[in-house]
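Take a look at the structure below.
The values are calculated or read from the model by the stated rules, or taken from the named source; none is laboratory data. Everything numeric here is computed off the predicted structure, so don't read it as measured data. For neighbour counting, all protein chains shown are included, and Cβ atoms are generated from backbone atoms with ideal geometry for every residue, glycine included.
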């Protein structure tokens, strides 16, 4: 029976990192957790993660900007929800704050309005108070503050009401 040599921990760790980074960026924290799960020694993991960061394969700042750029317009998430997601991904609070500061408040409000308009279509059979409650709740779950949520929902409800009044009877 042939003896198979034990794999070098650094080679194993390097392969794990390269496999995980293929296809999509990952945070340093996510990669560290993956290495720990595969029982890669801490000193080897730290050395490789540092090296991957040096050469630009791991970049938490770029990851945060990319994450925000895809989640804010795509899912309509507000700063607070995005901050929570970045925290779960292991992004440092300061790095997250810098990336979140790049969000234009007007873009955030626009995203909230689009969410409300889309949801309003399914609320035609409910009274205004119920619609208000449901819409504000939806925005709260997306991370919007109550002030902006109420303002946007009230504006959009008034706008929808005016459109209903202006529509010719069929």
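The table below lists the values:
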{"item": "Any hit, the range 64-78, residues being outside the structural domain of residue 111 (by TED's automatic domain parsing), surrounded by fewer than 19 Cβ atoms within 10 Å (Cβ to Cβ), in contact (Cβ under 8 Å) with a residue 60 or more places away in the chain and under 30 Å from residue 152 (Cβ atoms)", "result": "yes"}
{"item": "Boolean, residue 87 is within 13 Å of the chain's Cα centre (by Cα) and either modelled with pLDDT of 95 or more or over 30 Å from residue 106 (Cα atoms) (or both)", "result": "yes"}
{"item": "Total residues in the range 85-109, condition assigned to a helix (DSSP H, G or I) and surrounded by 14 or more Cβ atoms within 10 Å (Cβ to Cβ)", "result": "9"}
{"item": "For residue 43: the one exception among (1) closer than 17 Å to residue 143 by Cα; (2) not in a loop (DSSP other than H, G, I, E, B)", "result": "(1)"}
{"item": "Tabulated pairs, the range 108-125, first closer than 11 Å to residue 153 by Cα, second not in a helix (DSSP H, G or I), C-beta under 6 angstrom, 6+ apart or interchain", "result": "112/144; 115/76"}
{"item": "Exclusive hit being over 15 Å from the mean Cα position of the chain (by Cα) and outside the structural domain of residue 20 (by TED's automatic domain parsing), set 82, 114", "result": "114"}
{"item": "Any hit, the range 121-132, residues being assigned to a helix (DSSP H, G or I), surrounded by fewer than 16 Cβ atoms within 10 Å (Cβ to Cβ) and within 21 Å of the chain's Cα centre (by Cα)", "result": "no"}
